[in-house]
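Here is the structure we will look at.
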């Protein structure tokens with residue numbers, strides 16, 4: 001993972017080492033590894049990671065129907081955000097960018113490893129509700145029956161509480177596409193779940 005070069009600190013290495021926590025300690029911070037990634041006095045990557053990571057992981061786990069795959073997809077999205085942080089931090093919705101990158105990575109993985117996924121399904125995937133606490137038992141299979149595109153808009157709209165404009169930006173589609181997918185996904189869910 002390449003990061004942009006930064007100016008070396010003016011203080012000698014010995015004084016820096018004494019104030020830096022050891023790797024693996026509870027005080028270890030992402031910024032220790034990547035330096036100061038503040039963009040124009042704005043959002044720092046480590047702050048962004050701490051505040052948005054769990055939401056993005058949960059949303060991807062729910063969208064993809066698998067907790068482990070959701071974690072992997074989020075990790076890929078955050079790793080790519082770190083590489084391009086100076087640009088990503090300026091976006092209106094950096095978490096949406098990470099979500100989209102993770103979702104695209106998972107789609108690519110699905111295409112490349114369909115056989116592996118089929119074998120994993122036979123042994124039972126990790127259920128997203130194990131990360132998210134109790135959810136309606138009928139909802140998980142109903143969500144899994146939707147396409148990933150439809151799951152993505154349902155999770156983004158109702159779990160992450162993103163507007164249609166934020167979803168369009170995060171998914172890289174037009175707002176009309178989000179509305180259409182949302183309408184179709186809700187109709188499919190209603191048909192699957194019934195009038196309850």
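Below is a table of values for the structure above.
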read-out	value
Approximate spin-label separation residue 158-residue 112, in nm, with each point projected 7 Å along Cα-to-Cβ	3.2 nm
Packing-based exposure ordering (other Cβ within 10 Å, fewest first) of 171, 139	139, 171
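Values in this text are rule-based calculations from the coordinates and carry no lab data. Here the structure is a predicted model, which means the values were calculated and not measured. No Cβ is skipped: glycine too gets one built from the backbone with ideal geometry, and neighbour counts run over all protein chains shown.
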